[in-house]
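Participant: First the structure, then my questions, so here it is.
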Amino acid sequence: MTQSVLSPASKFKLALIQLGGSANKQANLTKARSQVLEAAKQGANVVVLPECFNSPYGTNFFPEYAEKLSSSPSVDMLSSVAKEAGVYLFGGSIPERDEKDDDKLYNTLTVFDPSGKMIATHRKVHLFDIDVPGKIRFIESETLSAGDSLTHVDTKYGKIGVGICYDIRFPELAMVAARKGCVAMLYPGAFNLTTGPMHWELLQRARAMDNQMYVAACSPARDMTATYHAWGHSTVVDPKGMVVATCDEKETIVYADIDPEEVQSIRSSIPLYDQRRFDIYGDVAETVVIDENGNGVKKQ
Ligand SMILES: O=C(O)CCC(=O)C(=O)O
């Protein structure tokens, strides 16, 4: 039997900044900064920026926009505005250059507490490599390497799990976060005009419903003059799986009140956490292939 465990948590106001970006890094940083201050003015305690907020989204752009975290104008801005605004800032993501290996890049989220201290980083674990014929081909691994760890951030409002965009398609991240006591999963992301209408909201609702936790995803605003057209529709879903705040594709800030009591309440009335049967899911972490008889067999 698995009990539902939630880290000590309290209510907070979440803001998702659906930022309109450009090819000008400095302009992106300046705009992000002013939007974080605006969100704080409206009472936000936890603020999220979109995926690759300092750069256009495209494998050809990442090497040019990448920064080492130890000497990063983007990190400097995020740290100083988190402090000035007095918020926890989940700073979207930026292309990160490895400290030691200049050829190695990651898609990395940095998180700051209200004193401006960097308290967590998350390197996108699942790279966005897809090919939908005639619609979209995107191979993030052409220039990026994958991270290899999960990230759960301790805040004074409770523990929060994170993923970046394509990471949301892998339910294990949210499931592990929920089992570690996280009250919410936050995903900076940039879906597109093919997979956005198909899956963006559905994935958030699925992760929230399965894990009885809040889920939010923060997109860039759509720019039809850019090479990548983001879906927008930054959204917050509650632990019952219902959308509680969302928007269209334009530049905006989405706000939602997050109440950990809602997590406890749904977990009490539909007590999945006490009913799980880990005694019979033993092979869930094994990589299987289908043999000639149609059976799943362990990959050697
Ligand atoms: O999963 C998708 O459909 C989109 C993912 C994506 O855009 C990303 O990982 O940046």
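The values are calculated or read from the model by the stated rules, or taken from the named source; none is laboratory data. Quick caveat, the model's predicted, so the values are computed rather than measured. Using ideal geometry, Cβ is built from the backbone for each residue, glycine included, and neighbour counts are taken over all protein chains shown.
Participant: Could you tell me how many of the residues in the range 101-118 are more than 21 Å from residue 171 (Cα to Cα) and either within 13 Å of the ligand (Cβ to nearest atom) or surrounded by 15 or more Cβ atoms within 10 Å (Cβ to Cβ) (or both)?
Facilitator: Of the residues in the range 101-118, 9 are more than 21 Å from residue 171 (Cα to Cα) and either within 13 Å of the ligand (Cβ to nearest atom) or surrounded by 15 or more Cβ atoms within 10 Å (Cβ to Cβ) (or both).
Participant: Another question, if that's okay. With the condition kept exactly as written, say whether any residue in the range 137-145 is buried (at least 22 other Cβ atoms within 10 Å of the Cβ), in a helix (DSSP H, G or I) and more than 11 Å from the ligand (Cβ to nearest atom).
Facilitator: Scanning the range 137-145 turns up no residue that is buried (at least 22 other Cβ atoms within 10 Å of the Cβ), in a helix (DSSP H, G or I) and more than 11 Å from the ligand (Cβ to nearest atom).
Participant: Would you confirm whether or not the range 57-65 contains a residue that is closer than 25 Å to residue 192 by Cα and more than 16 Å from the ligand (Cβ to nearest atom)? Show your work before the answer.
Facilitator: First pass over the range 57-65, keeping only residues closer than 25 Å to residue 192 by Cα: 57-65.
Imposing the further condition that a residue be more than 16 Å from the ligand (Cβ to nearest atom) reduces the set to 63-64.
Scanning the range 57-65 turns up at least one residue that is closer than 25 Å to residue 192 by Cα and more than 16 Å from the ligand (Cβ to nearest atom).
Participant: Also, I was wondering about something else. Going by the conditions given, is residue 133 away from the ligand (no atom under 12 Å from the Cβ) and within 19 Å of residue 258 (Cβ to Cβ)?
Facilitator: no
Participant: Only one of these conditions is not met by residue 103: (1) in contact with a helix residue (DSSP H, G or I) (Cβ under 8 Å, 6 or more places away or on another chain); (2) without any contact (Cβ under 8 Å) to a residue 40 or more places away in the chain. Which number is it?
Facilitator: (1)
Participant: Can you tell me how many residues within the range 57-80 are crowded, with 24+ Cβ neighbours inside 10 Å and not small (Gly, Ala, Ser)?
Facilitator: Of the residues in the range 57-80, 2 are crowded, with 24+ Cβ neighbours inside 10 Å and not small (Gly, Ala, Ser).
Participant: Please count how many residues of the range 129-161 are of a type in the set (A, V, I, L, M, F, W, C) and either at pLDDT below 95 or farther than 17 Å from residue 93 by Cα (or both).
Facilitator: 5
Participant: When the residues of the range 167-193 are narrowed to those that are within 11 Å of the ligand (Cβ to nearest atom) and either of a type in the set (Gly, Ala, Ser) or touching a Leu at 6+ places or on another chain (Cβ under 7 Å) (or both), which ends up nearest to residue 112 (Cα to Cα)?
Facilitator: Per the criteria, the residue is 188.
Participant: Moving on to the next point. I'd like the full set of residues that are farther than 18 Å from residue 142 by Cβ and hydroxyl-bearing (Ser, Thr, Tyr), limited to the range 90-132.
Facilitator: Selection gives 110, 115, 121.
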